[in-house]
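The structure under discussion appears below in the form of structure tokens.
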Amino acid sequence: MSYARIAGIGSYLPEKVLTNKDLEGMMDTSDEWIRERTGIKRRHIAADDESTSSLGLEAARRAMEMAGVTADELDLIVVGTCTPDKVIPATACIIQRQLGAKRCPAVDINAACSGFIYGLDYANRYLRTGGASKALVIGVETLSRITNWEDRTTAVLFGDGAGAAVLETSDEPGIMATHIHANGEFEDLLQTQNGVSLGFDASAAAGAFIEMNGNAVFKRAVATFDSMARETVADLDGHLEDIDWFIPHQANMRIITAAAKKLGMPMERVIATVDEHANTSAASIPLAMDLAVRDGRIKRGDTLLMAAFGAGFTWGSAMLKF
Ligand SMILES: CC(C)(COP(=O)(O)OP(=O)(O)OC[C@H]1O[C@@H](n2cnc3c(N)ncnc32)[C@H](O)[C@@H]1OP(=O)(O)O)[C@@H](O)C(=O)NCCC(=O)NCCS
């Protein structure tokens, strides 16, 4: 059985930036409150003529360029997103057409903020069992479209963006382990109240926008990051000291710091981009990884631990050699 490795990584952020100062003019909040409680300074927002597929396409092109992989070589496209362009077809199919990847299977996974890790797990299983030899995994969101800009408790937290990875088969790992989980009991803590079968009305009053119990989500997220990181490392008979870089989902700097502290992981080995991007859900991990690869921090051969947590709740982790 072969392994899967990340051959290329890419990301894309919309040009438009919304700073905390900008938000001060839109709602009763302050730059100081947002930075203190979340570490966020700014976020990128998709323009009216951009979409989840257009963001994802650009990230995919960059990852494919790094990997030296062309569209006709792709055997599988997986898109982690909870903000697809349309109900049907899947955003993965829209990106497939735009890439010119004619026949490969293409599917969306909605695991909210864990979407990229779920996608990595899915693609890894295809590659390991001979179902594919080259796969494109994208994490992409336009959360600004389901953000209630009149609710200061959520609006300051989210942003838009895309990250993508090209996986290819390899004789050596690559991806050493993935673990994914869910517990639907916590539906009410982080959700949109309507959507498709519960109603199509895309307004805050109808419940189409993100609603969250911030305190409860915060506590659960910190505890889960700790337990899942330990689960993945222990599964490989490894140690946290073996990890060169910890790339957590970028929800809140306080969650990241608390999780790193619990794990005994020094902040110098943690990739954090939440200050610049805010929470981009499924895009946040590949976006953070791409930045750290391109600025030279993450190098080929480094061991990475990724961990995500999101609505559902869903959570998942991956340990890999880049
Ligand atoms: C949302 C979050 C930043 C709020 O921080 P907190 O320290 O828990 O703050 P609280 O909710 O207790 O609110 C404290 C006060 O600030 C106010 N407040 C909330 N949002 C505010 C904002 N944007 N600006 C100014 N004040 C705000 C609240 O109304 C509250 O005021 P009150 O005491 O008069 O009622 C924090 O709970 C969090 O990050 N949760 C996790 C969210 C997350 O990451 N979700 C995604 C997971 S994938």
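Readers should treat all values here as calculations from the given coordinates under stated rules, not as data from a laboratory. Just so it is clear, the structure is predicted and the values come from calculations on it, not from any experiment. A quick note on method: Cβ atoms are made from the backbone with ideal geometry, for glycine too, and the neighbour counts reach across all protein chains shown.
By DSSP, the beta bridges lying fully in the chain are antiparallel in about 70 percent of cases. The magnitude of the dipole of segment 3-172, with charges of +1 and -1 set on the Cβ of Lys/Arg and Asp/Glu and taken from the Cα centre, is near 360 debye. Rounded to the nearest 20, the Cβ-based charge dipole of the chain about its Cα centre (Lys and Arg +1, Asp and Glu -1) stands at 420 debye. Considering only 301, 243, 266, the residue lying farthest towards the positive end of the dipole of the chain is 301, judged by Cα position with unit charges set on Cβ. Considering every alpha-carbon pair of the chain, the percent of pairs per 10 Å bin, from zero through the bin containing the longest distance, is 6, 29, 37, 22, 5, 0.
With an 8 Å cut-off on Cα pairs and a minimum separation of 6 or more residues, tell me the relative contact order of the chain in percent.
25
Restricting the calculation to Cα atoms, segment 3-172 yields a radius of gyration followed by a Dmax of 17.3, 55 Å. Only Lys, Arg, Asp and Glu carry charge here, each on its Cβ (+1 for the first two, -1 for the last two); on that basis segment 167-212 has a dipole of about 200 debye about its Cα centre.
Length gained on full extension, residue 187 to residue 295, computed as 0.36 nm times the residue gap minus the Cα-Cα distance: 35.1 nm. Adding -39500 (n - 2.57) for every DSSP H run of four residues or longer, then dividing by how many residues the chain holds, sets the calculated 222 nm ellipticity at -9500 deg cm²/dmol. In order along segment 168-176, phi translates into HN-Hα couplings of 9, 5, 8, 6, 10, x, x, 5, 8 Hz, rounded to whole numbers, per the Karplus curve 6.51 cos²θ - 1.76 cosθ + 1.60 with θ = phi - 60° and x for Gly and Pro.
Of all DSSP beta bridges located in segment 3-172, what percent are antiparallel, nearest 5?
If I count the DSSP bridges inside segment 3-172, around 70 percent turn out antiparallel.
Across all Cα atoms of segment 90-168, the radius of gyration (one decimal) and Dmax (whole number) stand at 15.0, 49 Å.
Summary value for segment 178-293: 20 percent relative contact order, contacts being C-alpha pairs under 8 angstrom separated by 6+ residues.
For the chain, the number of Lys pairs separated by eight or more positions or lying on different chains, with C-alpha atoms closer than 19 Å, is 7.
Per residue, the average separation of C-alpha pairs within less than 8 Å and at least 6 apart gives segment 1-122 a relative contact order of 25 percent.
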